[in-house]
Each structure stands twice: as structure tokens, then as C-alpha cells.
Amino acid sequence: MIEAGDDFFGTVVNKAARVATAAEPDEILASDATRVMIGGAQDFIFGDSTQVQLKGFEGCQMVNGLTWQT
């Protein structure tokens, strides 16, 4: 990831944007890497994993539905 002022660029940013685009209205999707980083934090409940094709990325990518508890 590259930071230039208040902007960020790179593959990680592009993947995050594509995962967000894959979500339906009122749905939160998180990449598999995000799920691993969050770990067992109790504020987040993950649904089943599913594979999606993301523009600009080869093969299918694993994403997870996310419920955010407050």
C-alpha cells in the first residue's frame, strides 16, 4: 500500500474496493484476510464464507458476511 497525502493506493486498497462493490445493499462483506486479522473479536460475527470473482483479481476470492455488534 502506498500513501500519498490523504490518499492510499495499491492492491490492498483495490481489493477492499472490489469486496465492498460485491456486497448487496445493507450487507457488509469482509475479505478472508480481514476475518483472520479480526480473529475472535466479540463485536463481529461472521457468516458463511463464499467465493466471488473480483474485477482485476485472478480466480475466486473468499469473502465473508459480517454482522457488526455494538
If Arg35, Arg18 are placed from fewest to most neighbouring beta carbons inside 10 Å, the sequence is Arg35, Arg18
Placing each pseudo-label 7 Å from Cα in the direction of the beta carbon, Ala33 and Ala4 end up separated by a distance in nanometres of 2.0
A correct Karplus calculation of ³J(HN,Hα) over segment 36-49, with 6.51 cos²θ - 1.76 cosθ + 1.60, θ = phi - 60°, whole Hz and x for Gly and Pro, returns 5, 5, 5, x, x, 3, 6, 6, 10, 10, 9, x, 5, 7
If amide H atoms are modeled at 1.01 Å from N in the peptide plane, then the residues at a separation of 5 or more from Ile28, or on another chain, having amide H under 5 Å from its own are Leu66
Computed, not fitted: 222 nm per-residue ellipticity of the chain from DSSP H runs ≥ 4 (each -39500 (n - 2.57)), nearest 500, equal to -8000 deg cm²/dmol
Of the candidate values (1) 8.1; (2) 7.4; (3) 5.6, the one computed for mean projected area of the Cα convex hull in nm² from this structure is (3)
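Could you list Met37, Met62 so that the one with the fewest beta carbons within 10 Å of its beta carbon is first and the one with the most is last?
Details: Met37 10, Met62 13.
Ordered by Cβ neighbours within 10 Å, fewest first: Met37, Met62.
Values quoted throughout were computed directly from the atomic coordinates according to the rules given, and no laboratory measurement underlies them. Owing to the predicted nature of the structure, the values given are computational and were not obtained by experimental measurement. Here the Cβ is made from the backbone with ideal geometry for all residues, glycine too, and neighbour counts use every protein chain on show.
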